[in-house]
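Only one structure is covered here, and it is reproduced in the block below.
The values are calculated or read from the model by the stated rules, or taken from the named source; none is laboratory data. Here the structure is a predicted model, which means the values were calculated and not measured. No Cβ is skipped: glycine too gets one built from the backbone with ideal geometry, and neighbour counts run over all protein chains shown.
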Amino acid sequence: KLIEGQHDEL
Amino acid sequence: MNIFRLFGDLSHLAAIAILLLKIWKTRSCAGVSGKTQLLFAVCFITRYIDLFLHFVSLYNTEKVMKLIYISASVFTCYLIFFKFKATYDGNHDSMRAEFLIVPAAGLACLINTKFDAIEILWTFSIYLEAVAILPQLFLISKTGEAETITSHYLFAQGSYRALYILNWIYRYHYESHVDTIAIVAGVVQTILYCDFFYLYITKVVKGQKIVLPA
């Protein structure tokens, strides 16, 4: 299951 | 956190430091596009808007890094447009920034993960960052050359997102994590540097200066 779109980067 | 993202962020910090040092030491921003620096400042502010909305304790490095990026890019713009304004090469820094900002804003409203203000701002910031270097590359093509220190700045700036691509491959493979919008924009951003990377590797590394047309 892909985890999409968690903007947890700089 | 993986090695690619760590070196990507370090490369980005290095780029910001190199540019600040170049302007501060030479007391000149000749060869530097003020528009690109403005666009980067807009990218950081719109991407890290959460810092302003709800204050979070600065305990973790990520918050500190965000504050460093925002303050350093604003300070760089201050040096270019105020302190060393006399050395700003305005007539060569002539790419219309609106042609980058408006499409990025429009696209952010059309293609995004969720249609809410913070998410649209983040998406706008990602799209804008992908093309923010264009005024700088345009300026170099107009002046026909780039100072060696400016080439090092560009190499570090371009390498940061190239390393992030490796980080995304790593995270897809080991964490099943993808951020499609960031990945597509990051690939476009890195492709824009290919021509410069070629010149940098073939010339600057051998101690020559970059002179266009190559």
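Within region B:63-120, track down each residue that is among the β-branched types (Val, Ile, Thr) and within 14 Å of chain A (Cβ to nearest Cβ).
Taking region B:63-120 first, the residues among the β-branched types (Val, Ile, Thr) are B:64, B:68, B:70, B:74, B:76, B:80, B:87, B:101-102, B:111, B:113, B:118, B:120.
B:64, B:68, B:70, B:111, B:113, B:118, B:120 - these are the residues of region B:63-120 that are among the β-branched types (Val, Ile, Thr) and within 14 Å of chain A (Cβ to nearest Cβ).
Going by the conditions given, is residue B:108 crowded, with 18+ Cβ neighbours inside 10 Å, of a type in the set (A, V, I, L, M) and modelled with pLDDT of 95 or more?
yes
Quick check: is even one residue across region B:125-137 within 14 Å of chain A (Cβ to nearest Cβ) and among the aliphatic types (A, V, I, L, M)?
Step one: list which residues in region B:125-137 are within 14 Å of chain A (Cβ to nearest Cβ), which gives B:125-127, B:129.
Checking which are among the aliphatic types (A, V, I, L, M) leaves us with B:126.
The answer is yes; a qualifying residue exists.
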Next item on the list: Filter region B:65-88 down to residues that are over 25 Å from residue B:50 (Cβ atoms) and buried (at least 18 other Cβ atoms within 10 Å of the Cβ), then give me how many there are.
Entry: 4
Next item on the list: Take region B:1-30 and flag every residue that is of a type in the set (Gly, Ala, Ser) and over 17 Å from the mean Cα position of the chain (by Cα).
Entry: B:28, B:30
Item checked: Scope region B:27-42; condition part of a loop (DSSP other than H, G, I, E, B) and hydrophobic (A, V, I, L, M, F, W, C); matching residues -> B:29, B:30, B:32
Checklist line | Residue that is modelled with the lowest pLDDT, among those in region B:144-183 that are closer than 20 Å to residue A:4 by Cβ and touching a Lys or Arg at 6+ places or on another chain (Cβ under 6 Å) | finding: B:177
Notebook entry, point to check: Just one of the numbered conditions (1) over 25 Å from residue B:96 (Cβ atoms); (2) crowded, with 16+ Cβ neighbours inside 10 Å is not true of residue B:28; which one?
Noted result: (1)
Item checked: Residues (surrounded by 18 or more Cβ atoms within 10 Å (Cβ to Cβ) and hydrophobic (A, V, I, L, M, F, W, C)) located in region B:141-182 -> B:146, B:154, B:155, B:156, B:162, B:163, B:168, B:181, B:182
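Select from region B:160-208 the residues that are of a type in the set (Asp, Glu) and within 12 Å of chain A (Cβ to nearest Cβ) and list them in ascending order.
Residues of region B:160-208 of a type in the set (Asp, Glu): B:175, B:179, B:195.
Across region B:160-208, the qualifying residues are B:175, B:179.
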Item checked: Matching residues in region B:90-111 - criterion: being farther than 24 Å from residue B:12 by Cβ and touching a residue at least 60 places away in the same chain (Cβ under 8 Å) -> B:111
